[in-house]
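Accompanying notes for the structure given below.
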Amino acid sequence: MAPRTNQKNRTREALLAAARELMSEGENVTLAKVAERARTGRATVYRYFSDPGVLALDATLDIEVTPTEELLEGVEDVRSRVHAVARYYLDFSREHEAFFRQFLAESLKASLQDGTVKMRGARRVTAFDEALEPVRSSMKRSDYKDLTRCLAMTTGMEQFVILEDILRVDQQTGYRLQQGLVNALLDQYLPKA
């Protein structure tokens, strides 16, 4: 990589790190605050991210997740694989709650402003696809696709908000409810042995 490209990447990473720090402290992400935290000028921040909402979204999406293959290493049973993915993304949302709440707010705000819905949750869809791989060939294509989509609705920030803000249940109850929901979907869609 050319030295100039390396510098641009380092600057971008510093800006994303500054935005994540602000988000983890519950602060609103503004270009001025990011510039101050990253010890750079506002013009530099604006050159990379002219919209603080986009900066907040990118900072959230830049959080590193455990690769699915690592998450599923040594797990053979399809139900156990699916539950591992569901639990991981729920816990990941809990661990990064401040980031994801801002991400959710910014993505909803953006969809209201320009009338388009931004794709979110693609990582978990792909993860469930990997978890279900051992049974893919034994399922109808439409059932496989529906199951993957349904499972994606059982975890992530949206599920976390439902458990925490709407149902107001403790962590263990949340796990139990998620497990029941996942089992019901698997019972509905998995081929009978």
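The values are calculated or read from the model by the stated rules, or taken from the named source; none is laboratory data. Predicted model only: the values in this text are computed from it and were never measured. As a convention, Cβ positions derive from the backbone with ideal geometry for all residues, glycine included, and neighbour counts pool all protein chains shown. Surface areas here come from the heavy atoms of the whole protein model, side chains and all, with no ligands, DNA or RNA. Shrake-Rupley method; radii C 1.70, N 1.55, O 1.52, S 1.80 Å.
Quick notes
- Given their separation in residues at 0.36 nm each and the Cα-Cα distance between them, residue 141 and residue 177 gain 10.2 nm when the chain is fully extended.
- Packing around the peptides 79-87, 94-102, taken as the average count of other Cβ atoms within 10 Å per residue, puts them in this order, highest first: 79-87, 94-102.
- Between 74, 148, 45, the Cα set farthest toward the positive side of the dipole of the chain (charges on each charged residue's Cβ, about the Cα centre) is that of 45.
- Accessible area expressed per residue, region 82-193, with surrounding protein chains retained (probe 1.4 Å, Å²): 56 Å²
- Proximal lysines relative to residue 109, as straight alpha-carbon distance under 21 Å, when same-chain residues fewer than 8 apart are discounted: 33, 118
- You can think of it this way: the chain between residue 192 and residue 77 has 40.0 nm of extra reach, that is 0.36 nm per residue less the Cα-Cα gap.
- FRET efficiency, residue 25 to residue 61 (Cβ-Cβ, R0 22 Å, nearest 0.05): 0.70
- The calculated 222 nm mean residue ellipticity attributable to helices in the chain amounts to -21500 deg cm²/dmol, summing -39500 (n - 2.57) over DSSP H runs of n ≥ 4 and dividing by all residues.
- In terms of accessible area, using a 1.4 Å probe and ignoring ligands and nucleic acids, 63, 162 rank largest first as 162, 63.
- As a fraction of the 1.4 Å probe accessible area of the chain, surface on carbon and sulfur atoms comes out at 50 percent.
- Estimated dipole of the chain in Debye, rounded to 20 [Cβ of Lys and Arg +1, of Asp and Glu -1, Cα centre]: 600 debye
- Rg(Cα)/(2.2 N^0.38 Å) for the chain, N = residue count: 1.19
- By a 1.4 Å probe calculation restricted to protein chains, residue 108 has an accessible surface near 90 Å², given to the nearest 10.
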